[in-house]
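Let me begin by presenting the structure, written as structure tokens, before commenting on it.
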Amino acid sequence: LQPTHPIDVAARIKAPVLGLYGAKDGGIPVASLDRLKAALAAAGNTRSEIVVYPDAEHGFHADYRPSYNEKAAQDAFAKLLAWFRKNGAGA
């Protein structure tokens, strides 16, 4: 089986996407996120947002992990709530 990555299907994604990533995540290179942003934009998906936190690692939201980054996690959660409201998923 071959996994499908977001960049592989970006041209077919019609719904807005919010991505919250850590720049220090060794499994997700920042260059691939730049390509994803460009692919979404090229497909006309202008409501998507890809946010990269420069000092955050993989799992920066998880307060039980050594990679937890409180500042990035709080900002990301606020962005998530705002994004849901903006895209019709908030109360």
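Tabulated values for the structure
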read-out: Close pairs from region 24-49: first over 16 Å from Val9 (Cβ atoms) and in contact (Cβ under 8 Å) with a residue 24 or more places away in the chain, partner surrounded by fewer than 14 Cβ atoms within 10 Å (Cβ to Cβ) and of a type in the set (D, E, K, R), Cβ under 8 Å, at least 6 apart; value: Lys24/Asp55
read-out: Residue among Asn87, Asn69 that alone is over 15 Å from the mean Cα position of the chain (by Cα) and touching a residue at least 60 places away in the same chain (Cβ under 8 Å); value: Asn87
read-out: Which numbered condition Ala78 fails, given (1) of a type in the set (A, V, I, L, M); (2) part of a loop (DSSP other than H, G, I, E, B); (3) open to solvent by 30 Å² or more (accessible area, probe 1.4 Å); value: (2)
read-out: Count of residues meeting criterion [at pLDDT 95 or above, assigned to a loop (DSSP other than H, G, I, E, B) and of a type outside the set (Asp, Glu)] in region 32-60; value: 5
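Matching residues to (1) among the β-branched types (Val, Ile, Thr); (2) closer than 22 Å to Leu81 by Cα; (3) open to solvent by 70 Å² or more (accessible area, probe 1.4 Å); (4) out of contact with any Phe, Trp or Tyr (no Cβ under 6 Å at 6 or more places or on another chain):
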{"site": "Pro3", "(1), (2), (3), (4)": "no, no, yes, yes"}
{"site": "Ile7", "(1), (2), (3), (4)": "yes, no, yes, yes"}
{"site": "Ala10", "(1), (2), (3), (4)": "no, no, no, yes"}
{"site": "Gly19", "(1), (2), (3), (4)": "no, yes, no, yes"}
{"site": "Ala38", "(1), (2), (3), (4)": "no, no, no, yes"}
{"site": "Ala43", "(1), (2), (3), (4)": "no, no, no, yes"}
{"site": "Thr46", "(1), (2), (3), (4)": "yes, yes, yes, yes"}
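The values are calculated or read from the model by the stated rules, or taken from the named source; none is laboratory data. All of these numbers come straight from a predicted model, not from anything done at the bench. All Cβ positions, even for glycine, are placed from backbone atoms using ideal geometry, and neighbour counts span all protein chains on display. Areas reflect the complete protein model, heavy atoms only, side chains present, ligands, DNA and RNA absent. Shrake-Rupley method; radii C 1.70, N 1.55, O 1.52, S 1.80 Å.
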